[in-house]
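**Student:** Here you go, one structure.
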Amino acid sequence: MQDTHDTSKTEQDYQPQTVEAAAQQYWGAQHAYEVKEDPARPKFYCLSMLPYPSGALHMGHVRNYTIGDVISRYQRMQGKNVLQPMGWDAFGLPAENAAIKNKTAPAKWTYANIEHMRSQLKSLGYAIDWTREFATCRPEYYRWEQLMFTRLMKKGLAYRKNSVVNWDPVDQTVLANEQVVDGRGWRSGAVVEKREIPQWFLRITDYAQDLLDGLDTLPGWPDAVKTMQRNWIGRSEGLEIHFAVEGEAAPLTVFTTRPDTLMGVTFVSIAGEHPLALKAAQHNPQLAAFLDELKHGGVSEAELETQEKRGMATGLFAIHPVSGDKVPVWVANFVLMGYGTGAVMAVPGHDARDFEFAHKYGLPIRQVIAAGDETYDAAQWQEWYGDKTRADMRVINSGALDGRNYREAFDYLAAKLEAEDKGLRRVNWRLRDWGVSRQRYWGCPIPVIYCPKCDAVPVPEDQLPVVLPEDVAFSGVQSPIKADPEWRKCTCPQCGGPAERETDTFDTFMESSWYYARYTSPGADAQVDGRANYWLPVDQYIGGIEHAILHLLYFRFYHKLMRDAGLVQSNEPATNLLCQGMVIAETFYRDNADGSKDWINPADVEIQRDDKARVVGALLKADGQPVKIGGTEKMSKSKNNGVDPQAMVGKYGADTVRLFSMFAAPPEQSLEWNEAGVEGMARFLRRFWREVTTHAAQPNHPVADPAQLDAGQKALRRQLHETIQKVSDDFGRRHSFNTAIAALMELLNAVNKFADMSEQGRAVRHEALETMVLLLNPVVPHVSHHLWQVLGHAEAVLEDQPWPAVDESALVRDSLTLAVQVNGKLRGTIEVPANAGKEEAEALALAQPHVAAFLKDLAVRKVIVVPGKIVNIVAG
């Protein structure tokens, strides 16, 4: 018999760089992944969230795009017409920061990065249709969102209003909430001001119910994402209540979801920007000074919740709409004009924030809710008050409301206040309209013209796109288009008079909210054309959980805008969503004299282990001195624990990196980077290569005849078809790539141990190895491309090969192995015919030598046979 494991030459033959270059060259020459619409075939649109062209891929990119590529290749082997495109989310603040640092223009930096990152993506062998590539910073892309915006203006769905924002007085720009750190601008360090400036908005609140209802039509989205979106949309039913104000013509309006606590109102809180506060401050210098203080600090909800509660009385009094009592009106730093009505009815007896405020300023606290026989303790109210549906909760100390539950009190007050024109039922939303204005340069210009006579006018459609100049001098202090009077200068399209262009640019979420649709219609002389309805909705969308709220909400909203504009027919942009986990790695550091840490890249560290392979320390390779081992954290520049994918590809090959990314953890969980694990995947690929090439060197490869197989041959073939069954389910339904790869590793071990060189033995081995090449193709396409040819196939594009089918007859077992327990403890196993009855299994179990020996001095009381699984003997 020939030794099938004498492989000194064939193992060395696996040269990843050579194999991968040849496969990629072939795919490119064949235009293998370019697709067109084909109504005769089922389509599959697989999309990973487009990357920001930061300059280099990181392992998070590799994991994300490998997941998408595995799914795409698998679906193509199912016979589907698969689209997997790629583009660049190219506008945004990082390009401005890099431009300042490198003394270049954002456009030049961005385009150079795109070139580099495209080559990196191609080196990983992704099955991408590169003919559809675009960068969102190009006018041929953003002209269409400008067109959509002008049409939304005409429909009233885009509008301009004053809004309170975080303003950096040094960088002269609006900051997002996350760019305010301890009350200062994240880049300039300047104390942030609250400033009211005109901003453009899209009426996403008009679609709040549609967005909420749509979540129920998305069973393929993770429940966690849908819950986060429901909470962000925040539908609440309540009453809008009007409090008259002494000396004022207009009432003060509040919204509450808990009108049952109305009689517990002891003051009303208003925002510092509220017209009543501003009016009161005109004759109150102390209040004016306090309102000026409130202009500093951020405007995020998180900051409002955690900051010290501060306020000041306005001297005004509101009239309680039921009791007629006068309640003071206070300015409070936790109330914002941009949320609701800018006024809140304060119930300190049953609200933690109001309680803290009232306690600080000596305002009354009144209990108006009781729960069963529990004694009211204002410090502990939240332990039981939060559940308004609690059966034993009743209103007290509230006159006509006493004894009513939440629903009864709600309905009573709604009827009463509506009859008296002091309130009405209303559905309110936590969701706020989408502010799309940014005062930065590197973004899509907002297509609006300001005329002294005609006000804000949309740029005429035949004048689009409004092109952002790219060859500019950029200092970062002021946007070049704001500083350039010639760029701003234009003519009013309505009256023909002198006018100026809008110098704000769009929030970059605008570009990423519709990019998926543009991929379907490359070159279209419209935002999308009829091809979109062939490809949409996206069948599988892939991206990080950190995008669960804003991007995915705007993504869904924009799709509904395009639907209502007649551009697409579907209601939702993506049917299925997979949120992959982070890539994490160990951190290493040394302490600096000033107390800071000097973070050291893992590649520069040598790990020390004891004789049991446990980590006991780490040394810096450069000097051999110890470094401290930090925690395992997300790869980041700040902790210097990133791993360069290109270095790994250069060392191990793209297929090995892809294989590790899919094997090390389920896709939704965090993946811990471990180079030892990468080396393990490289060893597996070399073993696989060795097994296939050695087998292929045999003179002929007969086809297995199931009727002629002996027990050993049947066992291997059964394991093969069980593996097909499992891998198909893991790839297609569960997206459990790690368990699929583990099953293929087990199959390779079985093939490796299978020494049968008979004709049927070689036939079964050939079927197993050929099938493994196909099953591994979605994960390691370069190796599979080469080995498929080694096995004698002329058809080189593996995705055109059908996915292996399960032979159900191969799964049928002639015999079964049953465990035998005595009094619940395993004492042996038996082999029984697959159709054995209870009596036969019982007899074989009792006769099994180890079991018989154990039962020698015991009396068998009962034998329980679980068919196909176990025989349990009860003895004593």
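The values are calculated or read from the model by the stated rules, or taken from the named source; none is laboratory data. On a predicted model such as this, the values are computed, not experimentally measured, just so you know. For neighbour counting, all protein chains shown are included, and Cβ atoms are generated from backbone atoms with ideal geometry for every residue, glycine included.
**Student:** Closer than 30 Å to Leu152 by Cβ and not assigned by TED's automatic domain parsing to the domain that holds Arg501: which single residue out of Met337, Met393 fits that description? Walk me through it before giving the result.
**Tutor:** Details: Met393 fails: closer than 30 Å to Leu152 by Cβ.
Checking each option against the conditions leaves just Met337.
**Student:** Can we say Glu633 is out of contact with any helix residue (DSSP H, G or I) (no Cβ under 9 Å at 6 or more places or on another chain) and on the phi < 0 side of the Ramachandran plot?
**Tutor:** Numbers: out of contact with any helix residue (DSSP H, G or I) (no Cβ under 9 Å at 6 or more places or on another chain): yes; on the phi < 0 side of the Ramachandran plot: yes.
For Glu633, the condition - out of contact with any helix residue (DSSP H, G or I) (no Cβ under 9 Å at 6 or more places or on another chain) and on the phi < 0 side of the Ramachandran plot - is met.
**Student:** Pick from Leu287, Leu276: which is modelled with pLDDT of 95 or more, of a type outside the set (D, E, K, R), more than 30 Å from Leu424 (Cα to Cα) and outside any loop (DSSP other than H, G, I, E, B)? Full working, then the answer.
**Tutor:** On the way: Leu276 fails: more than 30 Å from Leu424 (Cα to Cα).
The unique qualifying residue is Leu287.
Residues checked against (1) of a type in the set (Val, Ile, Thr); (2) loosely packed, with under 14 Cβ neighbours inside 10 Å; (3) outside any loop (DSSP other than H, G, I, E, B):
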{"residue": "Phe588", "(1), (2), (3)": "no, no, yes"}
{"residue": "Gly595", "(1), (2), (3)": "no, yes, no"}
{"residue": "Ile629", "(1), (2), (3)": "yes, no, yes"}
{"residue": "Val643", "(1), (2), (3)": "yes, no, no"}
{"residue": "Arg658", "(1), (2), (3)": "no, no, yes"}
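**Student:** Out of the residues in the stretch 177-196 that are within 22 Å of Ala99 (Cα to Cα) and in contact with a helix residue (DSSP H, G or I) (Cβ under 9 Å, 6 or more places away or on another chain), state the one that is modelled with the highest pLDDT.
**Tutor:** Gly185
**Student:** If I filter the stretch 748-757 for residues that are farther than 27 Å from Val19 by Cβ, of a type outside the set (A, V, I, L, M) and touching a residue at least 40 places away in the same chain (Cβ under 8 Å), do I get at least one hit? Don't jump to the end; show me each part of the working.
**Tutor:** Residues of the stretch 748-757 farther than 27 Å from Val19 by Cβ: 755-757.
Narrowing further to those that are of a type outside the set (A, V, I, L, M): 756.
Checking the rest, the ones that are also touching a residue at least 40 places away in the same chain (Cβ under 8 Å) come to 756.
Within the stretch 748-757, one or more residues are farther than 27 Å from Val19 by Cβ, of a type outside the set (A, V, I, L, M) and touching a residue at least 40 places away in the same chain (Cβ under 8 Å).
**Student:** Output the residues belonging to the stretch 170-192 that are touching a strand residue (DSSP E or B) at 6+ places or on another chain (Cβ under 8 Å) and closer than 30 Å to Met153 by Cα. Step through it out loud before you land on a result.
**Tutor:** Taking the stretch 170-192 and keeping what is touching a strand residue (DSSP E or B) at 6+ places or on another chain (Cβ under 8 Å), we get 170-171, 173-177, 179-180, 183-188, 190-192.
If the condition is that a residue be touching a strand residue (DSSP E or B) at 6+ places or on another chain (Cβ under 8 Å) and closer than 30 Å to Met153 by Cα, then Asp171, Thr173, Val174, Leu175, Ala176, Asn177, Gln179 are the ones that fit.
**Student:** Just give me the residues in the stretch 667-683 being touching a residue at least 60 places away in the same chain (Cβ under 8 Å) and crowded, with 20+ Cβ neighbours inside 10 Å, in sequence order.
**Tutor:** Pro667, Leu671, Trp673, listed by residue number.
Matching residues to (1) part of a loop (DSSP other than H, G, I, E, B); (2) modelled with pLDDT under 90:
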site: Ala379; (1), (2): yes, yes
site: Glu383; (1), (2): no, yes
site: Arg390; (1), (2): yes, yes
site: Asp411; (1), (2): no, no
site: Ala414; (1), (2): no, no
site: Glu418; (1), (2): no, no
site: Arg432; (1), (2): yes, no
site: Tyr441; (1), (2): yes, no
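**Student:** Would you mind finding the one in Glu500, Glu511, Glu486 that is part of a helix (DSSP H, G or I) and more than 29 Å from the chain's Cα centre (by Cα)? Show your work before the answer.
**Tutor:** Working: Glu500 fails: part of a helix (DSSP H, G or I); Glu511 fails: more than 29 Å from the chain's Cα centre (by Cα).
Every option except Glu486 fails the conditions.
**Student:** Does Met662 qualify as being modelled with pLDDT of 95 or more and in contact with a helix residue (DSSP H, G or I) (Cβ under 7 Å, 6 or more places away or on another chain)? Spell out the reasoning first.
**Tutor:** Numbers: modelled with pLDDT of 95 or more: yes; in contact with a helix residue (DSSP H, G or I) (Cβ under 7 Å, 6 or more places away or on another chain): yes.
Spelling it out, Met662 is indeed modelled with pLDDT of 95 or more and in contact with a helix residue (DSSP H, G or I) (Cβ under 7 Å, 6 or more places away or on another chain).
**Student:** Would you mind stating whether Tyr361 is of a type in the set (Ser, Thr, Tyr) and closer than 20 Å to Leu276 by Cα? Outline the logic, then answer.
**Tutor:** Details: of a type in the set (Ser, Thr, Tyr): yes; closer than 20 Å to Leu276 by Cα: no.
Against the criterion (of a type in the set (Ser, Thr, Tyr) and closer than 20 Å to Leu276 by Cα), Tyr361 does not qualify.
**Student:** A further question on this structure: In the set Ala768, Ala742, which member is surrounded by fewer than 16 Cβ atoms within 10 Å (Cβ to Cβ) and at pLDDT 95 or above? Walk me through how you get there before you give the answer.
**Tutor:** Values: Ala768 fails: surrounded by fewer than 16 Cβ atoms within 10 Å (Cβ to Cβ).
One residue alone meets the criteria, Ala742.
**Student:** Is it the case, given these coordinates, that Gly523 is assigned by TED's automatic domain parsing to the domain that holds Leu553, within 19 Å of Tyr558 (Cα to Cα) and part of a loop (DSSP other than H, G, I, E, B)? Outline the logic, then answer.
**Tutor:** Values: assigned by TED's automatic domain parsing to the domain that holds Leu553: yes; within 19 Å of Tyr558 (Cα to Cα): no; part of a loop (DSSP other than H, G, I, E, B): yes.
Against the criterion (assigned by TED's automatic domain parsing to the domain that holds Leu553, within 19 Å of Tyr558 (Cα to Cα) and part of a loop (DSSP other than H, G, I, E, B)), Gly523 does not qualify.
**Student:** Can you tell me which of Val245, Val299 is modelled with pLDDT of 95 or more, assigned by TED's automatic domain parsing to the domain that holds Leu413 and either surrounded by fewer than 16 Cβ atoms within 10 Å (Cβ to Cβ) or under 18 Å from Thr341 (Cβ atoms) (or both)?
**Tutor:** On the way: Val299 fails: modelled with pLDDT of 95 or more.
Going through Val245, Val299 in turn, the sole match is Val245.
**Student:** Ok, one more. Within 21 Å of the chain's Cα centre (by Cα) and within 28 Å of Asp455 (Cα to Cα): is that true of Thr575 in this structure? If you could, list the steps in order and put the result at the bottom.
**Tutor:** On the way: within 21 Å of the chain's Cα centre (by Cα): yes; within 28 Å of Asp455 (Cα to Cα): no.
It is false that Thr575 is within 21 Å of the chain's Cα centre (by Cα) and within 28 Å of Asp455 (Cα to Cα).
**Student:** Can you tell me which residues in the stretch 792-844 are surrounded by 12 or more Cβ atoms within 10 Å (Cβ to Cβ), in a helix (DSSP H, G or I) and among the small types (Gly, Ala, Ser)?
**Tutor:** Ala810, Ala841, Ala843
**Student:** Name the residue, out of Leu417, Leu413, that is in contact with a Gly (Cβ under 6 Å, 6 or more places away or on another chain), buried (at least 21 other Cβ atoms within 10 Å of the Cβ) and either more than 29 Å from Glu140 (Cα to Cα) or not polar (S, T, N, Q) (or both).
**Tutor:** Working: Leu413 fails: in contact with a Gly (Cβ under 6 Å, 6 or more places away or on another chain).
Going through Leu417, Leu413 in turn, just one is in contact with a Gly (Cβ under 6 Å, 6 or more places away or on another chain), buried (at least 21 other Cβ atoms within 10 Å of the Cβ) and either more than 29 Å from Glu140 (Cα to Cα) or not polar (S, T, N, Q) (or both): Leu417.
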